[in-house]
Amino acid sequence: MDLVRTTQAFASRAALAVHHHPRRLTAAAACILLGSAVAAYGLAPMAVPDETPVATRIVTETVALSDLGDQLSALESRSLVLSSQTQTRGSDTVDSLLARLGVNDASAAAFLRKDAQARRILQGRSGKSVKANYEVGAAGITQLSSLTVRGPAASGEQAETHFTRITISRSAANKAGVEPWQITTEQTRLASQMAMANGYIRTNLFAAADEARVPDAVVMQMADIFGSDIDFRRDLRRGDQFAIVYETPTADGEPVSWAGGAGRVLAARFVNQGRTHDAMWYQDGHERGGYFAPDGQNKARSFLASPLAFSRISSSFAMRMHPIHHIRRAHLGVDYAAATGTPVRSVSDGSVEFAGRQSGYGNVVVVRHGASRSTLYAHLSRINVRQGQHISQGQTLGLVGATGWATGPHLHFEFKLDGKQVDPVKMARNSEAQSLSAASRPAFEQQVSDAQVQLAAGALPPIDTAQLARME
Ligand SMILES: [Zn+2]
């Protein structure tokens, strides 16, 4: 329990530091990667707590055990103060909520049912955190002392920055005719904590992320950040590894689940097939915030590595990678096994050169990106664009299907440079990126020089598949 509290103290100090020094954040974030080689998940200590260490003294003496029966009856006569915690569910009633908390208190239940403020606990979004303090008296009767509920702020300006805290407590004066319960509702600012996680991929990225307790929203951000470096559907391999530092919103020191569970990724490293990719969030007076490689190149490039977004559902497909046999046609291009209906996105800005049916390709879209480059998306079950239409990177062109010469639902993707097929991932990695402006350079360089060393030190050591197998 003390350990938990200490961790929270660390974390809230970290959050405070984050708040006051946003520009130094990335360097700080990278620092956290240092010394985290073993921990799968940890909160980020950014400042040394100022508590003086607790003095300990060891006393050795002989203790005579009294009769157990006496102890038990003594326990029975004294009430125990306990606390319990849960989250609200969509199907909850007052009774089911209290039952999960281990509280059986008719007066509390009646108040929760009738009071307008209290009724809000079970209204709106589920997943609110509920903490009860209660006493267990003789004969196991429970009496609620207080109930604290933390949930999303009332909609409006504070929806993103605040949370609602409802506190119900038993009044001191418990006279007849006086309501024994007091209730308050407050809007309080969310804090943010830094979280750090790292892991190896054994089966798929989401499994590794689950193990490291990384929310899906953070995994998706990471896939976006490296979206021009790695085709997350096809390129991930056993033994790949990641290290990631991200903000996580907290209400009274507890990470919240209703806000998607995650704030911004601050720094990330992904080692894919032995190749290391680093990205850091950077923002100053001269730039719009963004993710940058240590050399100052923006991670957002003109081409994405994959025409399909990464998702939890797709991660298992990617790892199976069973070949799809094309019929009657020499195969050039890249095939993605994906469920019918999966959105297909344009890997870059461009204009639709062709959208329609062609025998082998089935429903197909060809997008032209300037004079020399074009991309092709085939076997679609549905086409969402028209010939001549201008489209932007990431825009949905259509849905995965099995039209034309395809044995099952999949996306056939081609990337052509001057009419010749080329490797889409190579093209994405080498495509145009914006660099930081000269004005931003000095501040960025300073941040990176610290961060680079620490990122290297904080990453997991390389691992081979035999070592991975031994870890299982
Ligand atoms: Zn194909």
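The values are calculated or read from the model by the stated rules, or taken from the named source; none is laboratory data. What you are looking at is a predicted structure, and each value in this text was computed from that prediction instead of being measured. Quick reminder, even Gly has a Cβ in these numbers, built from the backbone with ideal geometry, and neighbours come from all protein chains shown. We work out accessible area using only protein heavy atoms, side chains counted, and drop any ligands, DNA or RNA first. Shrake-Rupley method; radii C 1.70, N 1.55, O 1.52, S 1.80 Å.
Looking at the square roots a ≥ b ≥ c of the eigenvalues of the Cα gyration tensor of the stretch 163-264, which shape do they give, rounded for a/c under 1.5, prolate if a/b is larger than b/c, or oblate? Before the final figure, lay out the partial values.
Working: a/c = 4.47, a/b = 3.38, b/c = 1.32.
Note, shape of the stretch 163-264 comes out prolate.
Treating r as the C-beta distance of residue 110 and residue 445 and R0 as 60 Å, the FRET efficiency rounds to 0.40. Note on residue 211 and residue 432: their simple-model spin labels are 4.2 nm apart, each label 7 Å out from Cα toward Cβ.
Roughly to the nearest percent, how much of the accessible area of the stretch 161-288 is carbon and sulfur, given a 1.4 Å probe? Write out the running numbers ahead of the final one.
Values: 2310 of 4960 Å².
On the stretch 161-288, the fraction of accessible area on carbon and sulfur atoms equals 47 percent.
Trypsin sites (Lys or Arg not before Pro) within the stretch 100-167: which are DSSP loop residues with at most 12 other Cβ atoms inside 10 Å? Could you put the intermediate results ahead of the total?
Numbers: sites: 100, 113, 114, 119, 120, 125, 128, 131, 150, 165; in loops: 125, 128.
The qualifying sites are 125.
Annotation note: GluC sites (Glu not before Pro) in the stretch 391-447 located in DSSP loop regions with a Cβ neighbour count of at most 14 within 10 Å are 432. In a fully extended conformation the segment linking residue 387 and residue 186 would gain 66.9 nm over its present Cα-Cα distance, using 0.36 nm per residue. Label-to-label distance, residue 417 versus residue 93, with points set 7 angstrom from Cα along the beta-carbon direction: 6.7 nm. Projecting label points 7 angstrom from Cα along Cα→Cβ for residue 117 and residue 368 puts them 6.6 nm apart. Surface listing: 416, 299, 426 arranged by accessible area from highest to lowest gives 426, 416, 299, probe 1.4 Å. The stretch between residue 139 and residue 157 holds 1.6 nm of extra length on full extension. This uses 0.36 nm per residue minus the Cα-Cα distance. Based on protein heavy atoms only, the stretch 231-271 ends up with 26 Å² per residue of surface accessible to a 1.4 Å probe. Under 24 Å between alpha carbons, and skipping anything fewer than 8 positions from residue 114 in its own chain: which lysines qualify? Residue 114 reaches 128, 131, 175. Taken one residue at a time, the phi angles of the stretch 120-130 give Karplus couplings (6.51, -1.76, 1.60, θ = phi - 60°) of 5, 4, 9, 9, x, 5, 7, x, 5, 8, 10 Hz. Gly and Pro are set to x. Taking a ≥ b ≥ c as the square roots of the eigenvalues of the alpha-carbon gyration tensor, the stretch 197-250 is classed oblate because a/c is 1.5 or more while a/b is no larger than b/c.
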